Amino acid sequence: MITSPKKGIPAFISDCTRWALSGGIGFKVYLVVLLAVIGVGAFSYVKQFQEGLIITGMSDIVSWGLYISNFTFFVGVAAAAVMLIVPAYILKDKDLHEVVIIGECVAVGALIMCLMFITMDMGGPLKVWHMIPGIGLFNWPSSILTWDVLVLNGYLALNSLVPLYILYCNYHNREPVGWKYKPFVFLSIFWAVSIHMTTAFLYQGLPARPFWNNPLLGPRFLASAFAAGPAVIMMVLIVIKQKTRYPVDINIFFKLKRIIVVSAIINLLMLFSEIFKEFYTFTHHSLSAQYLFFGLEGHDSLVPWIWTAIGLNIFGTLLFSFDPTKCNPRYLMVAAISLFTGIWIEKGFGLIIPGFIPSPMGEVVDYTPTSNEILITLGVLATGVLVVTLLIKPALAILIRYKESNA
Amino acid sequence: MKSSRKKEGQMKIKDMLENKSSRRSFMKKLSIAAAAGSAGLVTGGCGSLESSEEMGLKWEEYFKKNYRLMTQEEKDETVARLERLFKLRMDENIQMSNQEPRENVLFGYAFNISRCKGYMDCVEACVKENNLDRKAKTQYIRLFEMESGKLDPTSGDGKYHHEVPVENKFYMGVQCYHCENSPCTKACPTKATWREPDGIVVVDYDWCIGCRYCLAACPYWGRRFNWGEPEVPKEEINKKQHYLGNRMRMKGVMEKCTFCVQRTRQGKQPACADACPTGSRVFGNLLDPDSEIRYVLKHKKVFRFKEELGTDPKFWYFID
């Protein structure tokens, strides 16, 4: 893999492309599978584009569904990179500094998924220029959606440019210059919190929907994201440890585990607080929670999902809290997957759909995504996985080469 | 007769998903009134069949501004383009207005709960007047049937399907309340929906990107989304249209009650108030001290729905 040192941007791009795509037969198969899923998703999207959102399971009552649920969850995953950035850059933690780049790659992939989900959900995607300030009409600061557009794109820029600069320096066998990127690192820390709070405010700021109109929504978003995000990063690190020769120290897993445990416990505490408020004194405003947890007027499509999610949540938290194997990668993988899946269901489906049920006029309907909608969603998820893969591979190649030449 | 009318008026979203098999025959029977004004790129599909004139008009339509930023000249131009596009596509002439709000007018509405018997003539008139999508059975107005002792549509039946009047039941009509402090317009990321000086909350269909944030923000379920391409039989299209009102919508945009802007700005009553056989609907200018609506507000016991949300609706309920 190590080539003779070349210089300049064209060499950087061509080497990165080569590193991104090189790999054994297993890797090739993996890429083909991802591309196939993306292809099927794209095909389904063409159908949606032609016929309209009528091919989804959404209606005037449940007017946001699978797309916005996933969008909401992956904003959380994106923000989780900050849980590596703070210790790595601010607390000067050597171990986490080794893997901070992976957190940033995951953030970029998650953000691309978020922006794609938003686009998939739009009735007029070709009119998106109406939102661009200057040529369009940007309802800022009144509409929280415009804030979200700003913070998401800003965070994407920060999380792409900082690692790009560091890798570009390392590629040319140089130490990155601190003052050139450190200010942006600090900025990205606050920015990560802001993408969360803003996305929560999208829902939290609507008195029309009592289920969302709850001041705990934003903080709970943060807590769940800081558990689910590092869980994703841990999954990626386990794969890297097993499939590449990039050294991932066992200490990194210990530290990530500690972050996850604290966040997951705070998340469960807040969940308990919400459940208490909804059910201790049952009001009209608790109907959505009733629908979610127990079903309402015979409609109970979310009930099995939410209890599965809570089960996985508690199970994952317990696995992380009491780890008898002392960071055995297989054990951690199971723990990470269960916590991640639990929060995914709970923060996605479990948060968005019940906000619409019952409707402001008291009507209760179920929402079931159509196969088209599911295929489009899978296509977006595969795109995210592909982006993360194709970013991490050259990044690791550059870091390995840089380390070896400076050893 | 009443019951068949009601069947037509039923809002059943699931119907349109289940009835896909009958769609083909439905489409054969009806000529599809596709959205003449939508940007050509968005509708897509039949590019080769379009004349170059149509392509050119659609191109100009795609790049036009938000309605509120247009000069009067630009407003006239877009209306002319939309009329021409309709002619090219449907071979019919429509008259589209862009009439501005009148001075010293603020529209308000009052609904007499003790008089309404649930006939649903208002719903039917609204569907016809406003060119509402027949395929999705879109309704701006909904009537909720309630038991005595329960004055809350959320506990009522919005899908009743039987002969009226019924002993010991009463009815509440709900629609967009044209709030002064409207959560929907605040939520819109592109300023595609706003409150006009005469109090009507409108949507610029061509500017709406279809994010549906306004729908989530509305506490009264006053907004409707075009999930598919709306369809109206050619012979039933109301040709007297307004840019901000009942002109043909396209898929992927929001729409809502406009207090029949195409009628009320000409001094007429909205279609629902005109059609009501019981006189339960009172519409008028809140700034005119001699208007009937002012009389109702002064002399009757009135209340507004979900007053605690501070939306300040321009729609009151009253009891004789």
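Here are some notes:
- Taking B:ARG195, B:ARG68 and counting other C-beta atoms within 10 Å, the order from fewest to most: B:ARG68, B:ARG195
- When DSSP beta bridges are restricted to pairs lying wholly in the protein assembly as shown, around 75% turn out antiparallel.
- Among the residues of A:360-370, the average count of other protein chain beta-carbon atoms within 10 Å of the residue beta-carbon is 4.
- Local net charge near A:LEU216, Cβ-Cβ under 15 Å (Lys/Arg +1, Asp/Glu -1): +1
- Per-residue mean of C-beta atoms belonging to partner chains within 10 Å, peptide B:153-162: 2
- Sparsely packed loop sites in segment A:53-149 (the trypsin sites (Lys or Arg not before Pro) outside DSSP H, G, I, E and B with at most 11 other Cβ atoms within 10 Å) comprise A:LYS92.
- Cα extents of segment B:111-235 along the three principal axes, largest first (Å): 48, 38, 25
- Value of Rg to Rh for segment A:11-393 (Rh from inverse mean 1/r over Cα pairs, i.e. Kirkwood): 0.96
- Rg over Rh for segment A:176-261 works out to 1.12, both radii taken from alpha-carbon positions and Rh defined as the Kirkwood radius.
- The alpha carbon convex hull volume per residue for segment A:136-285 rounds to 164 Å³.
- When each of B:LYS117/B:LYS191; B:LYS75/B:LYS251; B:LYS240/B:LYS298; B:LYS87/B:LYS128 is checked by Cα-Cα distance, pairs over 29 Å: B:LYS117/B:LYS191; B:LYS240/B:LYS298
- Residue ranges A:348-360, B:226-238 sort as A:348-360, B:226-238 when ordered by packing (mean number of other C-beta atoms within 10 Å per residue, highest first).
- Rg/Rh (Cα only; Kirkwood hydrodynamic radius) as it applies to the protein assembly as shown: 1.01
- Each label point was placed 7 Å from the Cα along the Cα-to-Cβ direction; for B:PHE63 and B:ASN98 their separation is 1.8 nm.
- Ordering of A:161-170, A:101-110 by packing is A:101-110, A:161-170, highest average first (other Cβ atoms within 10 Å, averaged per residue).
- Cβ crowding within 10 Å averaged over residues, with A:114-120, B:76-82 ranked highest first: A:114-120, B:76-82
- Taking segment A:12-34 and a reference point 7 angstrom along Cα→Cβ of A:ARG174, the backbone N atoms nearer than 14 Å belong to A:12.
- Binning all Cα-Cα separations of segment A:119-191 at 10 Å, short to long from zero, yields these whole-percent fractions: 17, 35, 25, 19, 5.
- Hydrodynamic radius (Kirkwood) for segment A:283-353, which is based on Cα pairs only, to one decimal in Å: 13.2 Å
- Our estimate of slack between B:SER148 and B:SER51, defined as 0.36 nm per intervening residue step minus the Cα-Cα distance, is 28.9 nm.
- In a DSSP loop and with at most 12 other Cβ atoms within 10 Å, the trypsin sites (Lys or Arg not before Pro) in segment A:201-275 are A:ARG245.
- Helical runs assigned H by DSSP (4 residues or longer) give chain A a calculated mean residue ellipticity at 222 nm of -24500 deg cm²/dmol, each run adding -39500 (n - 2.57) before division by the residue total.
- Sparse-neighbour loop sites [trypsin sites (Lys or Arg not before Pro); segment A:325-407; at most 12 other C-beta within 10 Å; DSSP]: A:LYS326
- Charge context of A:VAL261, other residues only, Cβ under 14 angstrom, K/R +1, D/E -1: +2
- Neighbouring partner chain Cβ atoms per residue of A:58-70, average, 10 Å criterion: 4
Every number in this text was worked out from the coordinates using simple rules, so none of it is lab data. Keep in mind the model is a prediction, meaning the values are calculated, not measured. For neighbour counting, all protein chains shown are included, and Cβ atoms are generated from backbone atoms with ideal geometry for every residue, glycine included.
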